[in-house]
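These notes concern the structure reproduced below.
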Amino acid sequence: MNHQTIDNPAAHLSPEDLAALRENLHEQRLFRQEQLRQIAAAPRAEDLLRRRSAAQAEVHVKVAASARMVLADVEAALRRIAEGRYGSCHLCRRPVERERLMIVPQARYCARCQQVREAGR
């Protein structure tokens, strides 16, 4: 790892990469915000229980929780871009692989650290 990568975690990403990732994150944020608006506009969980099965109501609640988690991850990634900290693994501080960021732009961990975290669950 060169000195430039330590000072600027996103140094392994081209300006075009960063612009594309930022745009992707903005689109994801809009999608999740709209998803949460639609969920909030839907009948409340108690009303759903009366009209639907408990399992369907539980799915509704879990989708909303998942959307909120993804939205928080997306907003955190956008903050990291704005602060110049984007693209650095939160555990080992090495650059997160470009290919990984292109697939999961809100990734906080490199592939190796992500595997270690998942194995520990």
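Rule-based calculations on the coordinates, nothing more; no lab input. Owing to the predicted nature of the structure, the values given are computational and were not obtained by experimental measurement. All Cβ positions, glycine included, derive from the backbone under ideal geometry; neighbour counts span all protein chains shown.
What nm distance separates the two modelled labels at A55 and D17, each placed 7 Å from Cα along Cα→Cβ?
Once both label points are built, they end up 4.4 nm from each other.
Multiply the residue gap between H26 and R98 by 0.36 nm, knock off their C-alpha separation, and tell me the result in nm, one decimal place. Write down the numbers at each step before the final one.
Numbers: separation 72, 0.36 × 72 = 25.92 nm, distance 1.82 nm.
Net length gain for the segment: 24.1 nm.
From zero up to wherever the largest Cα-Cα distance of region 22-121 sits, split into 5 Å bins and tell me the percent of pairs in each.
Pairs per bin, as whole percents: 2, 12, 18, 18, 15, 12, 10, 8, 4, 1, 0.
When Lys and Arg each count +1 and Asp and Glu each count -1, what net charge do the other residues less than 12 Å away from Q28, Cβ to Cβ, add up to? Please list the in-between numbers first.
Details: positive: R22, R29, R32; negative: E23, E27, E34, D73, E75.
Net charge around Q28: -2.
Return the whole-Å distance between the Cα centroid of region 48-98 and the Cα centroid of region 17-34.
13
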